[in-house]
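Comments concern the structure below.
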Amino acid sequence: MNIKPIHNETDYNAALNRVDALWDATPGTPESEELEVLAVLIGNYEEDFGQMPMRESDPIKAITCFMEQRGL
């Protein structure tokens, strides 16, 4: 496990790619623990920097997602 803080968009994208690779990790394995830690780091980065899904083409859905993430 080689986890580091997420400081910028490059780190963020790398973390998202790693999460994709680990998504089906068996619970209780080192991979599942890495997935859990990455999820926390990604969540913190998104909360701090207001990341919204880049794949969302509908602006209303993007705003709705943003509001849901913040409990609005």
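The values are calculated or read from the model by the stated rules, or taken from the named source; none is laboratory data. Note that the coordinates shown come from a computational prediction; the quantities given were computed from them, not determined experimentally. With ideal geometry, Cβ positions are generated from the backbone for all residues, glycine too; neighbour counts draw on all protein chains shown. What goes into the accessible areas is simple: the full protein's heavy atoms, side chains included, and nothing from ligands, DNA or RNA. Shrake-Rupley method; radii C 1.70, N 1.55, O 1.52, S 1.80 Å.
A few remarks follow.
- Positions within segment 13-51 being among the polar types (S, T, N, Q), farther than 19 Å from Glu68 by Cβ and assigned to a helix (DSSP H, G or I), in sequence order: Asn13, Asn17, Ser32
- Residue tally, condition touching a residue at least 24 places away in the same chain (Cβ under 8 Å) and surrounded by 14 or more Cβ atoms within 10 Å (Cβ to Cβ), over segment 30-43: 5
- Filter pass, Pro27 being more than 14 Å from the chain's Cα centre (by Cα) and either surrounded by 13 or more Cβ atoms within 10 Å (Cβ to Cβ) or at pLDDT 80 or above (or both): yes
- Filter result (open to solvent by less than 100 Å² (accessible area, probe 1.4 Å) and of a type outside the set (A, V, I, L, M, F, W, C)) within segment 3-16: Pro5, Asn8, Glu9, Asp11, Tyr12, Asn13
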